[in-house]
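I am attaching a structure below and will ask some questions about it afterwards.
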Amino acid sequence: MNKRHFLRSLIATALLGTAGLSLHAHADALANAEKAGTIRIAVPQDFPPFGTVGPDLKPRGYDIDVANLIGRELKLKVEIIPVSSTNRIPYLTTGKADLVISSLGKNPDREKVIDFSVAYAPFFNGIFGPSDIAIKTAADTAGKTVGVTRGSVEDLEYSKIAPANATIKRFEDNNSTISAYLSGQVQLVATGNVVAAAVNERTKIRRLDTKFLIKNSPCYVGVNKGEAALLAKVNEVVGKLKKSGELNQVSQRWLQAPLPADL
């Protein structure tokens with residue numbers, strides 16, 4: 001019995017020691033990246049304009065530009081790791097990536113699992129329309145015809161604040177909603193800024209200018225829990241990129257709009 005107890009104690013001690021080493025390694029991601037000379041960043045591969053594959057078969061988009069800028073500021077080589085919306089957080093928590101820059105929104109459930117940097121990109125639903133229509137609030141859409149995609153977040157949120165004499169025309173998908181706007185069937189559309197940016201990139205007919213936000217959900221860099229040094233460094237870099245105007249250039253390039261002043 002004594003021998004068995006001794007073996008159990010020995011195994012338990014070994015396991016605790018291994019766990020301690022694992023935790024220590026996990027909590028030094030910045031030091032490990034600096035030692036390796038490389039930082040591994042997970043980015044989207046199927047969500048333009050944040051991330052997609054270009055004609056040269058290389059990743060391109062808002063998030064890829066930001067990943068490379070962060071790598072430059074950290075003086076580290078960037079290893080781009082393409083991920084999907086479903087596996088981006090698991091890639092971070094299992095140690096396959098040091099950071100996730102993948103149009104990641106913040107919510108209470110995610111905050112229990114990972115930490116978030118300051119916001120680096122705008123992501124919102126709003127009312128969009130031509131530059132010659134002056135709209136600043138929901139009340140200003142009175143008497144206007146607004147196109148929405150049936151059952152979308154924009155449909156649900158705008159319906160709550162739309163004035164009684166606004167006409168809401170519902171369409172079955174985003175393509176139908178945008179087509180209705182481009183053909184003049186509706187004066188305004190309720191959609192996402194990513195959709196608006198994609199439309200503006202493809203056509204100059206009736207460009208979609210932002211009128212006002214319906215729901216705001218900016219993007220953040222995802223960092224593992226316990227990585228205080230890495231998180232602080234990322235926040236420092238994002239702040240520097242905002243101040244220098246480089247992040248605004250990224251927004252102009254990929255979203256066809258300036259970085260919001262309150263981001």
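To the nearest 500 deg cm²/dmol, what mean residue ellipticity at 222 nm is calculated for the chain from DSSP H runs of n ≥ 4 alone, each contributing -39,500 (n - 2.57), summed and divided by the residues?
Details: 10 runs with 111 residues, N = 263.
Mean residue ellipticity at 222 nm (helix-derived): -13000 deg cm²/dmol.
OK, next. Along the positive direction of the dipole of the chain (beta-carbon charges: Lys, Arg +1; Asp, Glu -1; about the Cα centre), which of 102, 86, 159 reaches farthest?
Working it through, the farthest residue towards the positive pole turns out to be 86.
With charges only on Cβ, +1 for K and R and -1 for D and E, what is the dipole size of the chain about its Cα centre, in debye, rounded to 20? Intermediate values should be presented prior to the final figure.
Details: 33 positive and 25 negative charges, 90 e Å.
It comes to approximately 440 debye.
Which loop GluC sites (Glu not before Pro) in segment 104-173, with loop taken from DSSP, have no more than 11 other Cβ atoms within 10 angstrom of their Cβ?
Numbers: sites: 111, 154, 157, 172; in loops: 172.
Listed in order of number, the matching sites are 172.
Shifting gears a bit: For the charge dipole of segment 124-216, defined by +1 on Lys and Arg C-beta atoms and -1 on Asp and Glu C-beta atoms about the Cα centroid, which residue among 130, 190, 175 has the Cα displaced farthest towards the positive pole?
My answer, from the dipole projection, is 130.
To continue, here is another question. Counting other Cβ atoms within 10 Å, which trypsin sites (Lys or Arg not before Pro) in segment 174-263 have at most 11 and lie in a DSSP loop? Write down the numbers at each step before the final one.
Values: sites: 202, 204, 206, 207, 211, 215, 225, 233, 240, 242, 243, 253; in loops: 204, 206, 207, 225.
Sites meeting the loop and neighbour criteria: 204.
What number of lysine-lysine pairs in segment 35-188 show an alpha-carbon separation below 24 angstrom, given a sequence spacing of 8 or more or placement on distinct chains?
The number of close lysine pairs in segment 35-188 is 17.
Would you mind ranking 127, 168, 178 so that the residue whose beta carbon has the fewest other beta carbons within 10 Å leads the list? Each step should come with its number before you reach the end.
Details: 127 29, 168 17, 178 25.
With the fewest neighbours first, 127, 168, 178 line up as 168, 178, 127.
In the calculated pair distance distribution of segment 124-216, what percentage of Cα-Cα distances lie above 22 Å? List each step's numbers first, then the result.
Working: 553 of 4278 pairs.
Taking all Cα-Cα pairs of segment 124-216, the fraction more than 22 Å apart is 13 percent.
Another question, if that's okay. Dipole of the chain (Lys/Arg Cβ +1, Asp/Glu Cβ -1, origin at the Cα centre): which of 205, 232, 148 lies farthest to the positive side?
Looking along the dipole axis, the top candidate is 232.
Between residue 212 and residue 35, take the C-beta separation as r, use R0 = 45 Å, and let me know the FRET efficiency to the nearest 0.05.
Details: r = 48 Å, r/R0 = 1.06.
Calculated transfer efficiency: 0.40.
Kindly express, to the nearest 10 degrees and within the range 0 to 90, the angle between helix 2-26's C-alpha long axis and the longest C-alpha principal axis of the chain.
40 degrees
Quick one: pull the percentage of alpha-carbon pairs in the chain with a separation above 24 Å.
More than 24 Å apart: 56 percent of the Cα pairs in the chain.
Read-outs: derived from the displayed coordinates by stated rules, not from any lab. All values reported here derive from a predicted model rather than from experimental measurement. Counting neighbours? That spans all protein chains shown, and the Cβs are built from the backbone with ideal geometry, glycine included.
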